[in-house]
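> Take this structure first; my questions come after.
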Amino acid sequence: MERIPQEIANAIVDPVVFGDTAKLHETYAWLRANMPLAMAEPEGFDPFWVVTRHADILEVSRQNNLFHSADRPTTIVDRQGDAFVRKLTGGSPHLVRSLVQMDAPDHPKYRALTQSWFMPQNLKKVEGRVREIARAAVERFLEKGGTAEFVSDLALGYPLHVVMDILGVPPEDEPRMLRLTQELFGAQDPDQARMMITMMDTEQIALMMKATVDDFQSYFGVISEERRRNPRDDLATVLANATIDDAPISDFEAMSYYIIVATAGHDTTSSSTAGAMWALAENPDQFDLVKRDPSLIPGLVDEAIRWTTPVKTFMRSATEDTELAGRRIAKDDWLMLCYASGNRDETVFEDPFRFRVDRKPNKHLAFGYGAHLCLGQHLAKMEMRILFEELLPRLKSVELAGEAKVSQSSFVNGPKVLPIRYEIA
Ligand code: HEM
């Protein structure tokens, strides 16, 4: 069996490499060219297949019965961390049980609970509210008067505010939610973790994650209680009163649902929003193009999501022996889907390393594919479209004003510091 050279195997799980976009893409490009589907065994990790080509990621993602999400960890974790999570949970590889960690027959039932809420038809109801939030965010941002740190001055707060609004979290609690999400997703980044993570071992990190999940649970428990007593027309009410086969879902599953929406719903969108601004600052021709023709804004949004691909990886495991791209995959084998690699696959995207607001077609995999295709994709795209519809007419120019930095995480990452200078139109 082909083995990925050790140095490369270590790199594709190393948060520091994820914090260096050029290095990450150099590694993925090497894999696509030389070992597009091969086994890696980074030090301390169980072996897994690394899937880097667009076509193979699609193939795995669309066969949800053959490649499961529930049986092994869905995000990359080392052997010690996996064992420790199982110890904490009494055998499960997952700290929460949300859609992401489910398979059929449960997955479609739980997804159906909120699916229609997230469809474009229903989202029209919240569009006006999202625009209000976007306008306020843009006004606050413009008050910076020409220089800003785009991540903290706009990109972080706006999607957080939208998702908290639909979950019924009052604005004064948003900083707490932001902190908790960053701990869950950015737990590997020293700037974002609860404690100095570089000084912690895997057990301590798993304990920290558990503490974060417990914080989330106690918080949303209160909101659920309230929505059962006083139902409203929001997603929080849908979740608090959800039933499956005529029985209420368990508290643990309701909490897991809140957590997935609260977490998946903003860090990803913030990263893509900041990724868009970074790319526009570096590509003035694309800035001019989209400013001249605002009908290109949806194209800007899609390209920014491809370009940033904030969800870098998800894991699957095989339910039986099978074959993929000429390789024999054994039952229980673990596979890493490298979305950021698939999104620069030169056999699918013309000039994949160019940022083009008019890219067509743009069949990127940033939202995954198949049964787990991102539930929030229409909301995410709507939020970003509205923000740029409000922001771009107000800007005459934008450029980088210092060193931009990307967060260090092998799961969800994106720009964490983006100093820019802009002229108001
Ligand atoms: C699932 C990416 C925004 C909620 C996913 C998956 C990806 C993804 C790759 C697939 C998981 C898998 O295959 O296991 C993104 C990106 C976003 C974004 C790149 C922004 C640009 C959102 C938003 C929400 C959301 C705004 C909700 C408010 C979810 C949920 C799932 C999911 C609930 C689980 C679906 C399932 O397993 O059936 N997302 N997401 N996401 N996303 Fe998103």
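> Hey, what do the phi angles of region 51-64 turn into as Karplus ³J(HN,Hα) couplings, whole Hz, using 6.51/-1.76/1.60 and θ = phi - 60°, x for Gly and Pro?
Taking θ as phi minus 60°, the curve returns 9, 10, 8, 3, 4, 6, 5, 4, 4, 5, 5, 7, 9, 6 Hz for region 51-64.
> Let me ask another. Name the long-range amide H neighbours of ILE329: under 5 Å, sequence gap of 5 or more, or other chain; modelled H, no Pro or chain starts.
Those lying under 5 Å, H to H, from ILE329 are THR322, GLU323, LEU324.
> Regarding region 100-148, what's the average projected area of the Cα-atom convex hull, expressed in nm²?
The directionally averaged projection comes out at 5.5 nm².
> Here is a further query. Once phi is turned into ³J(HN,Hα) by the Karplus curve 6.51 cos²θ - 1.76 cosθ + 1.60 with θ = phi - 60°, what whole-Hz value does each residue of region 341-348 show in order, with x for glycine and proline?
Whole-Hz 3J(HN,Hα) from phi for region 341-348: 6, x, 7, 10, 5, 6, 7, 10.
> What area, in nm² and to one decimal, does the C-alpha convex hull of region 6-424 cast on average over all directions?
Taking the Cα atoms of region 6-424, their convex hull projects to 19.4 nm² on average.
> In the chain, once you exclude exposed GluC sites (Glu not before Pro) (DSSP loop, at most 15 other Cβ within 10 angstrom), what's the longest stretch remaining?
Working: sites that count: GLU2, GLU43, GLU143, GLU320, GLU346, GLU350, GLU403.
Result, exposed sites excluded: 144-319.
> Students often forget the sequence filter, so: which lysines lie under 19 Å Cα-Cα from LYS416 once same-chain residues fewer than 8 apart are removed?
Result set, ordered by chain and number: LYS23, LYS144, LYS312, LYS405.
> Could you tell me the relative contact order of region 4-77? Use alpha-carbon pairs under 8 Å, at least six residues apart, and round to a whole percent.
The normalised contact order for region 4-77 reaches 26 percent.
> Right, another one. So how much accessible area does ILE249 have, in Å² to the nearest 10, using a 1.4 Å probe?
Approximately 20 Å² of ILE249 is accessible to the 1.4 Å probe.
> Taking the Cα centre of region 6-424 as the origin and placing charges on Cβ (Lys, Arg +1; Asp, Glu -1), which of PRO352, ALA9, PHE118 is farthest toward the positive end of the dipole?
Checking the options against the dipole of region 6-424, the answer is PHE118.
> Relative contact order of region 6-424, please, whole-number percent, based on alpha carbon pairs below 8 angstrom and at least 6 residues apart.
Details: 679 pairs, mean separation 112.9, N = 419.
About 27 percent, as a whole number.
> What net charge do the residues around ASP233 carry, taking every other residue with its C-beta under 14 Å from that of ASP233, with Lys and Arg at +1 and Asp and Glu at -1?
+3
> In region 6-424, what percent of the accessible surface is made up of carbon and sulfur (1.4 Å probe, ligands and nucleic acids excluded)?
51
> Within 11 Å, Cβ to Cβ, of THR21, how many net charges do the neighbouring residues add up to if Lys/Arg are +1 and Asp/Glu are -1?
Overall, the nearby charge balance is +2.
> Still on this structure, I have one more. Which order do VAL169, VAL16 take by accessible area at a 1.4 Å probe, largest first?
VAL16, VAL169
> If you don't mind, there's one more thing I want to ask. I need the fraction of alpha carbon pairs in region 258-378 separated by more than 25 Å, rounded to a whole percent.
33
> Sticking with this one: For region 328-425, which chymotrypsin sites (Phe, Trp or Tyr not before Pro) pass both filters: DSSP loop (anything but H, G, I, E, B) and at most 16 other C-beta atoms within 10 Å?
Answer in residue order: PHE353.
> Check the straight Cα-Cα distances from LYS87 and name the lysines below 20 Å, setting aside those fewer than 8 residues away within the same chain.
Straight-distance partners of LYS87: LYS210.
> Another question, then. Can you give me the long-range amide H partners of PHE314? Hydrogens built in the peptide plane at 1.01 Å from N, cutoff under 5 Å, separation of 5 or more residues or another chain.
LEU337, TYR339
> Can you list the lysines whose alpha carbon is less than 28 Å from that of LYS125, not counting same-chain residues fewer than 8 positions off?
Cross-link targets: LYS109, LYS291, LYS363, LYS381.
> Over the chain, with the other protein chains present, what is the accessible area per residue in square angstrom, probe 1.4 angstrom?
Accessible area per residue, the chain: 42 Å².
> Here's a follow-up. Send over the per residue convex hull volume for region 28-80, Cα only, as a whole number of Å³.
88
> A further question follows. So who's got an amide H within less than 5 Å of the one on ILE244, skipping anything under 5 residues away but keeping other chains? H placed 1.01 Å off N, in plane.
Correct list: ILE249.
> Going through region 115-162, which trypsin sites (Lys or Arg not before Pro) have at most 13 other Cβ atoms within 10 Å and a DSSP loop state?
Sparse-neighbourhood loop trypsin sites (Lys or Arg not before Pro): none present.
The values are calculated or read from the model by the stated rules, or taken from the named source; none is laboratory data. None of these values were measured; they are calculated from a predicted model. No Cβ is skipped: glycine too gets one built from the backbone with ideal geometry, and neighbour counts run over all protein chains shown. Please note that ligands, DNA and RNA were not included when accessible areas were found on the heavy atoms of the full protein model with its side chains. Shrake-Rupley method; radii C 1.70, N 1.55, O 1.52, S 1.80 Å.
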